[in-house]
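Below is the structure I would like to discuss, written out as C-alpha cells.
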Amino acid sequence: MGYPPAVMRRRTVVAVAALIAAFALAGLPVPAGSRTPSTDRTLDQAAFTSVTIPANAEALSAPGLSVVDLRSAGHVTADDTFLEPGKVPDGPTSRPRVIQPGSPSGSDWKAPKSKLTGFATFYDNGTTAMRLPRGTVVRICGKGGCIQRTVTDYGPQKPSRIVDMYRPDFFKICGCPSWSGTTKVTVSVY
C-alpha cells in the first residue's frame with residue numbers, strides 16, 4: 001500500500017527544499033582570516049627614523065640650486081594672466097531690455113462658472129474642502145490675495161461656511177492676525 005499523492009507531493013517538496021538549502025550552504029564563501037585574535041607585540045623604536053621638514057622654501061633647496069630652479073613648469077605667480085583659447089564671441093554682450101505689457105484687470109483669469117461669497121475656516125488636514133465634487137478647480141480670494149486650489153475633500157460641516165482650507169493657505173489669503181478663525185472670501189468655481 002502506497003502513500004496518497006498529496007503526501008508524496010509534500011515529501012517531494014521537502015526533499016527539493018532540503019537539496020536547495022544544501023547547495024546554498026555549499027556555495028557560501030569560507031570565512032577569511034584567523035579565528036583567534038593576534039597577540040600584542042611591541043614595536044622596535046630603531047625601525048623608525050625621525051625626519052625634520054623645514055617650513056620655508058629656501059631650506060628645501062638643494063645645494064647649488066635656487067628656489068626658482070626647483071619650481072615646476074606650471075608654477076603660477078601673482079603676475080601671471082590666463083587666456084582662454086579661442087576668440088571672443090560675436091554678438092551682444094548684455095541682455096536686451098524687454099518691456100512686458102501689464103494685463104488689464106480681470107483678464108488674466110478665465111470667466112468662472114459661478115461665484116460664491118461666504119466665510120472660510122482652516123483645519124490641518126492638508127486639503128481644500130467644499131461642497132463640490134472632488135477635482136473642481138476653484139480660486140479663493142480674500143483680503144490678503146487669491147490662490148487657486150483643487151477641491152480634494154467634502155466639507156465644511158457648518159452650513160454657514162463655504163470652504164475649509166489648509167492652515168497656510170488660509171493665512172495666505174486671510175490678511176488677518178494669526179488668532180483669527182474665519183475670514184470672508186469669494187470663491188470662483190471653474
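Computed from the coordinates by the stated procedures, all read-outs in this text should not be read as laboratory data. On a predicted model such as this, the values are computed, not experimentally measured, just so you know.
Out of all DSSP beta bridges with both ends in segment 114-189, state the antiparallel percent to the nearest 5. Walk me through the intermediate numbers first.
On the way: 19 of 26 bridges.
If I count the DSSP bridges inside segment 114-189, around 75 percent turn out antiparallel.
D for segment 114-189, whole µm²/s, Stokes-Einstein with Kirkwood Rh over alpha-carbon pairs at 37 °C and 0.692 mPa s: what number?
Answer from the Stokes-Einstein relation: 277 µm²/s.
Right, here's the next one. Give, in nm to one decimal, the length gained when the segment between Gln148 and Ala21 is fully stretched (0.36 nm per residue of separation minus the Cα-Cα distance).
Between Gln148 and Ala21, full extension yields an extra 39.7 nm.
On to the next question. If the cut-off is 23 Å between C-alpha atoms, which lysines fall inside it for Lys115, apart from same-chain ones fewer than 8 positions away?
Lys143, Lys158, Lys172, Lys184
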